[in-house]
1. Tally the residues that are in contact with a helix residue (DSSP H, G or I) (Cβ under 8 Å, 6 or more places away or on another chain) and either closer than 17 Å to Pro119 by Cα or part of a loop (DSSP other than H, G, I, E, B) (or both), restricting the search to the stretch 233-247.
2. When both residues are 6+ apart or on different chains and their Cβ atoms are under 7 Å apart, which pairs have a first residue that lies in the stretch 182-211 and is over 22 Å from Glu224 (Cα atoms), and a second that is polar (S, T, N, Q) and at pLDDT below 90?
3. Can you pull out every residue in the stretch 79-97 that is among the hydrophobic types (A, V, I, L, M, F, W, C), crowded, with 18+ Cβ neighbours inside 10 Å and in contact with a helix residue (DSSP H, G or I) (Cβ under 9 Å, 6 or more places away or on another chain)?
4. Starting from residues that are of a type in the set (Gly, Ala, Ser) and not in a loop (DSSP other than H, G, I, E, B), keep the ones in the stretch 208-231 and report whichever is nearest to Thr111 (Cα to Cα).
5. Going through Val279, Val229, Val236 one at a time, which residue ends up being modelled with pLDDT of 90 or more and surrounded by 15 or more Cβ atoms within 10 Å (Cβ to Cβ)?
6. Could you say whether any residue in the stretch 194-202 is exposed (fewer than 13 other Cβ atoms within 10 Å of the Cβ), in the same structural domain as Lys252 (by TED's automatic domain parsing), aliphatic (A, V, I, L, M) and in a loop (DSSP other than H, G, I, E, B)?
7. Of the conditions (1) within 30 Å of Gln38 (Cα to Cα); (2) among the aromatic types (Phe, Trp, Tyr); (3) at pLDDT below 95, Tyr168 fails just one. Which one is it?
8. So how many residues does the stretch 58-114 have that are of a type outside the set (Ser, Thr, Tyr) and assigned to a helix (DSSP H, G or I)?
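The values are calculated or read from the model by the stated rules, or taken from the named source; none is laboratory data. All values reported here derive from a predicted model rather than from experimental measurement. Ideal geometry is used to build each Cβ from the backbone, glycine not excepted, and the neighbour counts take in all protein chains shown.
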Amino acid sequence: MRHLKFLPIALVVILWSCSNESKIFPGFSVTKTNIHYQLVSLGEGEHKAEPSNYVTVQIAYRTPQDSLFFHGLRTFQLTEPQFAGSIDECFAMLAKGDSATFYISAFDFFTHTIETNLPRFLKPDDLLRVDMLMLDILSEKRYLQEKEIFLNWIEDFGDYEQVVLRQYVEEQNLDFESTQSGLHYIPITRGMGNKIQEGDTITVHYEGRFFNGKYFDSTRKRNEPFQFVYGQKWQVIPGLEEAIGMMYPGEKSLFILPSYIAFGQGGSSTGIVPAFTPVVFDVEIVEVKPKNQ
């Protein structure tokens, strides 16, 4: 078993072995910042995540009643916790390969971390369940090196994907426009009002499908529109963030995402979308709540 060590976090120093036993959740421990946690499995990594590291995390959010409302794979740069008990402390408790369950303040997570309103299905004093699996931890230098290697490699693979993309666009017989990133789009129904801004709370319906027409995800089939804060990390894949940022309230548009702005070299966290697979998204902006509201 690897050695446990103190974490270099400005707000709080956490050690798996020195926290108190939780009085709320049997088998859990609790930190001085009131994060309840339980280590599920121990990986082979020697070093825990630190601020400035780039981490790849499989993460799931559940209500106190254990109802799943988000599951996804995210890569992002870890930052110093902005307040005691923040989710950033949870990430920093894990080394590569570790998995754990945490309970954190739902109110703090939504209002302070992602800066939005508390969802109606949660109460201000609820503890949000967060399940994490730390898949990778890279220093900033190493992350940038691997990104450069990947971008050079994708230039070769991209020739094949660009042929597939071009053929698909031509087969659709639609007047697509393209952005600098390679995103193809065509508005179906024009929207009205102000363009979406960073910090706005967005409610969308989307349907994702492969080039053969088979759907891999649909909020319409689930009858559950997706709500998130635009511009905040861990929310949507890069291509969708770019797409939604081009839209207006009430708009419906069709987007084609090359793999490098979709699910990339790892594919989707569910395994449904393979690596290096371009995809199609139908997106409708159902509602936009400006940040200043």
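1. We begin by selecting, within the stretch 233-247, every residue in contact with a helix residue (DSSP H, G or I) (Cβ under 8 Å, 6 or more places away or on another chain); these are 235-239, 242.
Of the ones still in play, those that are also either closer than 17 Å to Pro119 by Cα or part of a loop (DSSP other than H, G, I, E, B) (or both) are 235-237.
Residues that pass the stated criteria total 3.
2. As it stands, the answer is His184/Ser178, since those pairs meet every condition given.
3. Residues satisfying the conditions are Ile87, Met93.
4. The selected residue is Ser218.
5. Val279 is the lone residue from the list that is modelled with pLDDT of 90 or more and surrounded by 15 or more Cβ atoms within 10 Å (Cβ to Cβ).
6. no
7. (1)
8. Initially, the stretch 58-114 is screened for residues of a type outside the set (Ser, Thr, Tyr), giving 58-60, 62, 64-66, 68-74, 76-78, 80-85, 87-98, 100, 102, 104, 106-110, 112, 114.
With the extra rule that they be assigned to a helix (DSSP H, G or I), the set shrinks to 87-91, 106-110, 112.
So the count comes out to 11.
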